[in-house]
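The structure appears below as structure tokens.
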Amino acid sequence: ATNIPQRLKTGFTSGAGERALQERQRQHMARGLPKQKPIAGVKEVIVVASGKGGVGKSTTAVNLALGLMANDQSKSVGILDADVYGPSVPKLMNLKGNPELTDKNLMRPLVNFGIPCMSMGFLVEEVAPIVWRGLMVMSAIEKLIRQVDWGNLDYLVIDMPPGTGDVQLSITQNIPIAGAVIVSTPQDIALLDARRGAEMFRKVNVQVLGLVQNMSVFQCPKCNHQTHIFGSDGAKELAQTLGVEMLGDIPLHLNIRETSDKGQPVVVSSPDSPEAEAYRRVAAAVVRRLAEHPR
């Protein structure tokens, strides 16, 4: 037998041992993860996420859902507001009240514009703060996912909380996700966090459908001069860096803000406007990406 120096033997042994240890850890982690279980009646789940708050994620999620239905009225779409600490869907969709219960003790979503919605905002007072620790939040998310009678939906759009924390991990590990849409402004500080969000979905094996560049440009209503308040093309450059698609640009426009505040999203209240058309283009791009890469 060839004489191998002891230090090389040790190196080979430790390398093989390290790989074996890593494999055992991977198997152990896989056993510890919850098994993904589809939501009853829901064909495809689309999560809308952002690395940070204040970039228009919830407004995008709502108008995306409405855009999906506007583009193909044969499709049924629902919205789940998973932002437990700061639920925005009740305001955006002009919905109030407590969900009724079915005979099977499931909550019935509240419906407006033909879209069934469920949110923590329906279960607490409008101005009541949610001061909960992680386990209580996880329990609430589980109820919002599993104890709701969604009926039959082609798409369930989940408005995720900002960041990359427990809620994001819990949802992606517990239910099969068709794809993630990342929302960001072109601003460098927002793009940094958007990249973290995209990388998180890759780590948990959720395909990133693409990026939406929100508040991309402001056009003066008087002189039509365009100003890139948050910078230009930042999300497009990030999409190229990450190797994902740019799903569309949404302008910074007074019409979007006003209709959102009134609970009359721009896709339904101003369907012929350029702003509504921008959201419908994003919805069409999402459907195309889902068809290209079915889960």
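The values are calculated or read from the model by the stated rules, or taken from the named source; none is laboratory data. Since this is a predicted model, take the numbers as computed values, not measurements. Backbone-built Cβ (ideal geometry, glycine too); neighbour counts: all protein chains shown. Side chains are part of the model used for accessible areas, which takes the heavy atoms of the whole protein and leaves out ligands, DNA and RNA. Shrake-Rupley method; radii C 1.70, N 1.55, O 1.52, S 1.80 Å.
Determine how large the accessible area of Thr241 is when every protein chain is in place; take a 1.4 Å probe and give Å² rounded to the nearest 10.
About 90 Å², rounded to the nearest 10.
Can you bin segment 55-176 into rounded, prolate or oblate? Criterion: square roots of the alpha carbon gyration tensor eigenvalues sorted a ≥ b ≥ c, rounded for a/c under 1.5, prolate for a/b above b/c, oblate for the rest. Present the calculation step by step, with values, prior to reporting the outcome.
Working: a/c = 1.39, a/b = 1.26, b/c = 1.11.
Cα axes put segment 55-176 in the rounded bin.
If we sort 112-124, 199-211 on the protection proxy, mean other Cβ atoms within 10 Å, highest first, what's the order?
Taking the mean over residues of other Cβ atoms within 10 Å, the ranking is 112-124, 199-211.
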